[in-house]
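First comes the structure, then the notes that go with it.
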Amino acid sequence: MYISRVKMKNFRNISPVSLSFQPSLVVLQGGNAQGKTNFLEALYLVSRGISPRSQKDEELVRWGSEAASVAIRVESGGTWFNREVRVQLGKKKVWLNNGHPITKKRWQEEVWLVGYFPRDIGIIEGSPSERRHFVDEALSYVKPSHRAYVKRYERALAQRNILLREHARGDLISVYTEELIKTGTCIIENRIRYGELLTPYLRDFYRCLGGENVRFEVQYIGGGYDSKGDLRANLERAFLRSENEERSREITLVGPHRDDILFLLEGKEFRIYGSQGEKKSLALSLKMAEMAVIRKVKNSKVIVLLDDLFSELDPKRRQLLFKEILGKGQVFITVTDDIPQMPEGWEEYLVLGVQGGRISTAGEREKKNG
Amino acid sequence: MTDTYPESLRRLIASFSRLPGIGPKSAQRLAFFLIKSSPEEVEELVGSLSEIKKKIRLCSECGFYADKDRCAVCNDPSRDRSTLCIVERPQDVLIIEKAGYRGLYHVLGGSISPMRGVGPDDLSIKRLLERLNATGSEKIREAILATNPSLDGETTALYIARKVKPLGLRTTIIARGLPLGGDLEFTDEGTLTQALEGRREILTG
Ligand SMILES: [Zn+2]
């Protein structure tokens, strides 16, 4: 699977552009704030249905324009399909599959793509909600029913919190408690199972980037309940225990909306004790592990976006990372200055110059002597 | 564009445009159709329209549309009076009918939703429990919950099921071979017939 064509119009600062790609490496080269990240963001948005920066739609549209669009052609298994997103000011985004509008992002075919952006360090050092968001997004991507559970849970949670604020009758609140336990159990089971799938890859990637013999652990922490054993019974017990506190604080205190995921290095939490470098390596490892899970469960190549990463990786780590991703799928990277030395066997790639939103193929297909 | 039309025509188009599912183009098409229709046809339509507000009301027994005190279903002696199917809105009755159901109905008038400000007392739940409590020839032996398979529909069903449980009658919920967050209106009849056949007894916890 790879992106063979891309067409962008009025997306952020990117000048209208139409490009063709091979299933190999694409290097976007240019100074800061010239549009490299915007280009990767556009690919991420049209492929996965959400912006990795999770900002407002207005910001996606070029200043002074009414609408933006990003269209890609994806080659997969000897055939291809087109996917397009149109962002219009003051309207809902329109998604098109082979030119036909589709509702609720029910794609016929998925575009398998993962992206690492510098802001992803927030998954490691930010609030628990960022870690839950990462897991729910990654999970819903390979298992769309998870998103339906999360939406349903969020609505039931909002309903229950209103009832707690209104000091409603217990017989009504308990109906929503039952719903939160039922849907919440599914969400927690999904997350734990996904974590089990992800963790071996995460450990391998982290050791590859951060040190070979480190003791690395991941722990799933239940929000106000015990996440080990019989989840349903544990949730029921926790709700009973916190009934009075929930009544007085007028908010739901138990359930997967308060879960957290702890990453431990030598028994110590990354979030608190990790260095910037360690956190960054972990964030990157998470995205690489996400890629590995997709490869495994979907049996497909995965397109990889790496924003502003290569200047910071030393040659040895770069070599290790490249070994994992190149040749296994299409890769888009951004560099600010010189193009770093590529590993042996990967001297051929496409360079795109990015300046003031203009993307030029002036570099064409370059050959470097390794 | 429509500015050049006579005012009465513009008013008619505007009225049609306010109807659900009618856009400006459909509204114009309807208006032009009526212009070409015979006076009798238009008269008949006008008659039906004015009768809606005068004559259509909700059945005092079940809450379905009626033009007398009781609706056609409640007045039909051939219906199975021991089974009661509980739905959210009057239009849901027609969907269940098409699935081949021959018992009685109870229309709740919506679903419980605190964020929309709808509580149990805003729905016809008290009246429902009265009906289920009735004895004698009108005794109901089975209640089928057929609220929408959405979060609000299902929490409403669970709330009602818990209230009905002490009455000791069989309470079933239609089996949900339906997509999460679905709506009865978009359910094809085949699926719903299966759902009615495969209804299961609800676990009220
Ligand atoms: Zn009736």
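Values in this text are rule-based calculations from the coordinates and carry no lab data. Computed from a predicted model, the values in this text were never measured in an experiment. Every residue, glycine as well, gets a Cβ built from its backbone with ideal geometry; the counts of neighbours run over all protein chains shown.
Cα centroids of the range A:167-190 and the range A:216-257: how far apart, whole angstrom?
11
Report, in debye and to the nearest 20, how large the dipole of the range A:120-298 comes out about its Cα centre when Lys and Arg carry +1 and Asp and Glu carry -1 on their Cβ.
In debye, rounded to 20, the range A:120-298 gives about 440.
Calculate the tail of P(r) for the range A:120-298: the fraction of all Cα-Cα distances greater than 19 Å, expressed in %.
Working: 9433 of 15931 pairs.
When all Cα pairs of the range A:120-298 are counted, 59 percent exceed 19 Å.
From the Cα trace of the range B:1-125, what convex hull volume per residue do you get, rounded to a whole Å³?
It comes to 179 Å³ per residue, whole-number rounded.
Could you pull out every one of the lysines with an alpha carbon less than 16 Å from that of B:LYS165, ignoring same-chain neighbours closer than 8 positions?
B:LYS126, B:LYS139
Could you state the number of Å between the C-alpha centres of the range A:71-118 and the range A:269-320?
25
Among B:ARG70, A:ARG249, B:ARG89, which comes first, second and so on when ranked by fewest other beta-carbon atoms within 10 Å?
A:ARG249, B:ARG70, B:ARG89
Percent of alpha carbon pairs in the protein assembly as shown separated by more than 40 Å?
Everything past 40 Å amounts to 44 percent.
Set the Förster radius R0 to 51 Å, insert the Cβ-Cβ distance between A:SER4 and B:LEU49 as r into 1/(1 + (r/R0)^6), and round the FRET efficiency to 0.05. Mind showing how you got there, number by number?
Details: r = 57 Å, r/R0 = 1.12.
E(calc), rounded to 0.05, equals 0.35.
Read phi for every residue in the range B:10-26 and hand back ³J(HN,Hα) as whole Hz from Karplus 6.51 cos²θ - 1.76 cosθ + 1.60, θ = phi - 60°, with x for Gly and Pro.
4, 5, 5, 4, 5, 5, 4, 4, 7, 6, x, x, 10, x, x, 5, 4
Would you mind counting up the charge near A:ARG295? Only other residues with Cβ under 11 Å from its Cβ, with Lys and Arg at +1 and Asp and Glu at -1.
Spelling it out: positives minus negatives among the neighbours equals +2.
Check A:TYR349: other-chain or 5+ apart residues with amide H under 5 Å from its amide H, H built from backbone geometry?
The answer is A:GLU366.
Bin width 10 Å, alpha-carbon pairs only: give the P(r) of the range B:2-55 as whole percents, running from 0 to the bin holding the largest distance.
Final binned percentages: 23, 49, 26, 1.
Hey, what did chain A get for relative contact order, percent, Cα under 8 Å, at least 6 apart?
Taking the mean separation of contacting Cα pairs over the length of chain A, I get 25 percent.
For the range A:272-284, just list the computed ³J(HN,Hα) in residue order, Karplus coefficients 6.51, -1.76 and 1.60, θ = phi - 60°, integers in Hz, with x standing in for Gly and Pro.
Per-residue couplings from phi come out as 9, 9, x, 7, 4, x, 5, 5, 5, 4, 5, 4, 5 Hz.
Name the residues whose placed amide hydrogens come within less than 5 Å of the amide hydrogen of B:ILE86, ignoring near sequence neighbours (fewer than 5 apart) on the same chain.
B:HIS106, B:ILE144, B:LEU145, B:ALA146
Kindly express, to the nearest 10 degrees and within the range 0 to 90, the angle between helix A:36-48's C-alpha long axis and the longest C-alpha principal axis of chain A.
The angle comes out at about 60 degrees.
Mean-square fluctuation check for chain A, GNM, Cα pairs under 10 Å: which of A:LYS279, A:LYS316, A:LYS56 is largest?
Answer for the Gaussian network model of chain A: A:LYS56.
For helix A:231-241, report the angle its Cα long axis makes with the longest principal axis of the Cα atoms of chain A; keep it between 0 and 90° and round to the nearest 10°.
50
List the lysines whose Cα sits under 17 Å from the Cα of A:LYS228, skipping any in the same chain fewer than 8 residues away.
Result set, ordered by chain and number: A:LYS182.
One quarter of the convex hull surface, Cα atoms only: what value does that give for the range A:1-160 in nm²?
Reported value for the Cα convex hull: 11.1 nm².
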